[in-house]
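Enquirer: I am attaching a structure below and will ask some questions about it afterwards.
Only the coordinates and a few stated rules stand behind these numbers; no lab work does. None of the values given here were measured: they were computed from a predicted structure. For neighbour counting, all protein chains shown are included, and Cβ atoms are generated from backbone atoms with ideal geometry for every residue, glycine included.
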Amino acid sequence: MTESPLDESPYDVLGVDRSVSDAQLRRAYRRRARQTHPDLGGSAALFNAVQLAWEHVGTPEARAQYDKRSSARPASAADTDEADHVWSTGRTQSTQRDSRPKARMYGHPGGRARDRFTTLMREWVGRGTEPIDIYDEALIRRAPTEIRHSLADALAEEATARALGELGMGYTVWHGVATDRGSDRWVVDADAAASDTRKIDHVVLGPSGLFAVQSEDWGAPARVRRADLISEALGKGEKPMHALATRAKAVARAARVTFTALVIVLPDEALDAAITALGRNRGIASFAVQRSVVGHFLRTGVPDATRPAGTDMFEVRTRLQNSIHLV
């Protein structure tokens, strides 16, 4: 039961409305536990989801805490601790100043996905006279998958960007890098959904190499198949790592650089291992990495990979800076 917009709430998992009594909630839990128990023909994954849902709302204290947290309006950091936010508007700022040197960063991580979420949500609910909190959890839970996915995309990119900022002053990061379609013309489609499939979420350059990084949250676990990732949440035939390799090749060709590795970052619970090597895609080493260790992975780099010297890194950064276009 993570805090992704693509996840069901504990009440959804148990099949009840959030207004039911504690006794009704307990009966629903027992019914769902029987229905999903592997020994009774159910699914182990669903059974585990039921148990986790019950941990969140199974006692009056836990339920009150969950309801309070999920109904909190994410207005600003001054109103509530960021840890209490179910979903952030992306506009909050920490009240404690961190004086450590940060990575040099360009672009707006998650900005395109945020814009798309805002547009789709307002179109879905309608533009009435009453102000609407588009980040209200109950509203988002009812929204179509496309809308929830756009918010999940934004949150995934923002979470990765925070980790990348902590890499330090030796690193440069470009967020939302546009890629082309095999021509000399850089493409940023008018349709945000189409353009999101034509960008690299983060290009990272540092002492450990040059990385193309894609931040994802598919709302379901992922596993390896033939040097790529598959998930029940992906469409048939989708190859996310192969797609990232194609986009990275476009950037590499335009800037005359070579990528050290391709990285897809997923929520920790979506991957069995912290770092999973997927082999090579279009000649580039490929990895699936849990979100909590992406900073460590990029600092450590790929074993036996060539690392850029100081002057080489300056040249690569200059080429990227002169050729990269941001969405």
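Enquirer: Go through the range 240-327 and name the chymotrypsin sites (Phe, Trp or Tyr not before Pro) that are in a DSSP coil and have 15 or fewer other Cβ atoms within 10 Å of their Cβ. Walk me through the numbers on the way to the answer.
Expert: Values: sites: Phe259, Phe287, Phe297, Phe314; in loops: Phe259.
Sparse-neighbourhood loop chymotrypsin sites (Phe, Trp or Tyr not before Pro): none present.
Enquirer: Now for a separate question. Say R0 is 35 Å: what FRET efficiency, to the nearest 0.05, do Ala44 and Ser21 get from their beta-carbon distance?
Expert: Values: r = 29 Å, r/R0 = 0.84.
So, using R0 = 35 Å, E works out to roughly 0.75.
Enquirer: Here's something else I'd like to know. Could you give the radius of gyration (one decimal) and Dmax (whole number) of the Cα atoms in the range 10-72, in Å?
Expert: My reading of the Cα-based Rg and Dmax gives 11.7, 39 Å.
Enquirer: For the range 241-258, just list the computed ³J(HN,Hα) in residue order, Karplus coefficients 6.51, -1.76 and 1.60, θ = phi - 60°, integers in Hz, with x standing in for Gly and Pro.
Expert: Computed from phi, the couplings for the range 241-258 are 6, 4, 5, 5, 4, 5, 5, 5, 4, 5, 5, 4, 5, 5, 9, 6, 10, 10 Hz.
Enquirer: Looking at the range 98-323, send over the antiparallel percent of its DSSP beta bridges, to the nearest 5. Could you put the intermediate results ahead of the total?
Expert: On the way: 21 of 35 bridges.
Approximately 60 percent, going by the DSSP bridge assignments.
Enquirer: From the backbone phi of the range 296-307, what are the Karplus-calculated ³J(HN,Hα) couplings (6.51 cos²θ - 1.76 cosθ + 1.60, θ = phi - 60°) in whole Hz, Gly and Pro given as x?
Expert: Calculated HN-Hα couplings, in order: 4, 4, 6, 6, 6, x, 8, x, 6, 7, 5, 9 Hz.
Enquirer: Quote to one decimal, in nm, the extra length available between Gln321 and Glu166 on full extension: 0.36 nm per residue of separation minus the C-alpha distance between them.
Expert: Values: separation 155, 0.36 × 155 = 55.80 nm, distance 2.07 nm.
Full-extension gain reported as 53.7 nm.
Enquirer: So, one more: Ala305 to Asp272: extension gain in nm, 0.36 nm per residue of separation minus the Cα-Cα distance?
Expert: Working: separation 33, 0.36 × 33 = 11.88 nm, distance 2.48 nm.
Stretched fully, the Ala305-Asp272 segment lengthens by 9.4 nm.
Enquirer: Between the range 118-178 and the range 268-327, what is the C-alpha centre distance in whole Å?
Expert: Here the answer is 24 Å between Cα centres.
Enquirer: Check each of the trypsin sites (Lys or Arg not before Pro) in the range 232-309 and keep only those in coil by DSSP with at most 11 other C-beta atoms within 10 angstrom; list them in order. It would help to have the intermediate numbers written out before the result.
Expert: Working: sites: Lys236, Arg247, Lys249, Arg253, Arg256, Arg280, Arg282, Arg291, Arg299; in loops: Lys236, Arg256, Arg282.
Filter output for the range 232-309: Lys236, Arg256.
Enquirer: Please get the size of the charge dipole for the range 212-279, origin at its Cα centre, with Cβ charges of +1 on Lys and Arg and -1 on Asp and Glu, quoted in debye to the nearest 20.
Expert: 600
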